[in-house]
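A short worksheet on the structure shown next.
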Amino acid sequence: MIKSTKTTMEILQNILSHDTHKVWEASCNIISLGQDNERMKEFIPYLEDIRTNTRGLNMGGLIVPNQRFIDKAIEIIEFYKKDTGCSCCLLGEDSNPSHEEKNGNMIIQDIIHIENSNYIDYYIVNCMKCNKKYKVFEREYHYLWWEWIPIN
Ligand SMILES: [Zn+2]
């Protein structure tokens with residue numbers, strides 16, 4: 001996801017609002033900031049508030065439950081609270097490698113095509129913070145998502 005331009009206070013107001021659409025949007029905003037150490041630290045003091053206020057909301061979702069966005073946002077804040085290792089390990093199904101490159105966290109080093117075709121097989125993506133490399137496959141199953149596999 002492309003980094004949100006919302007302020008931390010705006011995101012907090014939304015995620016604590018009990019309004020399922022706002023909570024969903026705010027969760028996506030937090031996921032989009034997942035590689036930004038400075039911004040993410042601002043959410044740590046609110047971790048318990050976020051956990052309590054988002055519990056038991058009926059988030060809906062036609063095929064895949066939207067609850068996963070809240071769960072991921074909370075997982076990211078928990079990661080920063082523990083403060084161990086590089087945040088690139090948080091990249092996952094919602095992390096488009098091109099967006100992560102635009103956000104300035106990752107570099108796409110190579111794009112491997114399926115033999116004799118224009119179809120992309122996978123990307124080789126490098127973390128700018130810890131230099132870890134990932135193979136990233138674009139997958140489609142009900143919706144578009146990405147599989148990040150560490151290779152070093
Ligand atoms: Zn990293």
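Considering the stretch 93-129, and only residues there that are free of Cβ contacts under 8 Å to residues at least 60 places away in the same chain, among the small types (Gly, Ala, Ser) and closer than 27 Å to residue 5 by Cα, the residue that is nearest to the ligand (Cβ to nearest atom) turns out to be 104. Within the stretch 78-96, none of the residues are at pLDDT 95 or above, within 20 Å of residue 143 (Cβ to Cβ), under 17 Å from the mean Cα position of the chain (by Cα) and among the charged types (D, E, K, R). None of 33, 57 is surrounded by 15 or more Cβ atoms within 10 Å (Cβ to Cβ) and modelled with pLDDT under 95 except 57.
If you go through the stretch 113-128 and keep only what is modelled with pLDDT of 95 or more and either charged (D, E, K, R) or in contact with a Lys or Arg (Cβ under 9 Å, 6 or more places away or on another chain) (or both), you end up with 122, 123, 124, 125, 126, 127.
Here is a yes/no grid of residues against (1) under 17 Å from the mean Cα position of the chain (by Cα); (2) under 11 Å from residue 77 (Cα atoms); (3) without any contact (Cβ under 8 Å) to a residue 24 or more places away in the chain:
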| position | (1), (2), (3) |
| --- | --- |
| 24 | yes, no, no |
| 28 | yes, no, no |
| 31 | yes, yes, no |
| 34 | yes, yes, no |
| 39 | yes, yes, no |
| 43 | yes, yes, no |
| 53 | no, no, no |
| 58 | no, no, no |
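Quick check on the stretch 60-92: of everything there that is within 16 Å of the ligand (Cβ to nearest atom) and of a type in the set (S, T, N, Q), which residue is surrounded by the fewest Cβ atoms within 10 Å (Cβ to Cβ)? Don't jump to the end; show me each part of the working.
Pass one, the stretch 60-92, residues within 16 Å of the ligand (Cβ to nearest atom): 76, 79-80, 82-92.
Still in the list and also of a type in the set (S, T, N, Q): 84, 87.
On the way: 84: 8, 87: 18.
Checked the stretch 60-92; the qualifying residue surrounded by the fewest Cβ atoms within 10 Å (Cβ to Cβ) is 84.
Among the residues of the stretch 130-149, not one is touching a residue at least 60 places away in the same chain (Cβ under 8 Å) and either within 11 Å of the ligand (Cβ to nearest atom) or more than 21 Å from the chain's Cα centre (by Cα) (or both). Kindly indicate whether residue 77 is among the aliphatic types (A, V, I, L, M), within 28 Å of residue 126 (Cβ to Cβ) and out of contact with any Lys or Arg (no Cβ under 6 Å at 6 or more places or on another chain). The answer is yes for residue 77.
The values are calculated or read from the model by the stated rules, or taken from the named source; none is laboratory data. Values in this document were obtained by computation on a predicted structure and should not be read as measured data. Here Cβ is always computed from backbone atoms with ideal geometry, including for glycine, and neighbour counts include all displayed protein chains.
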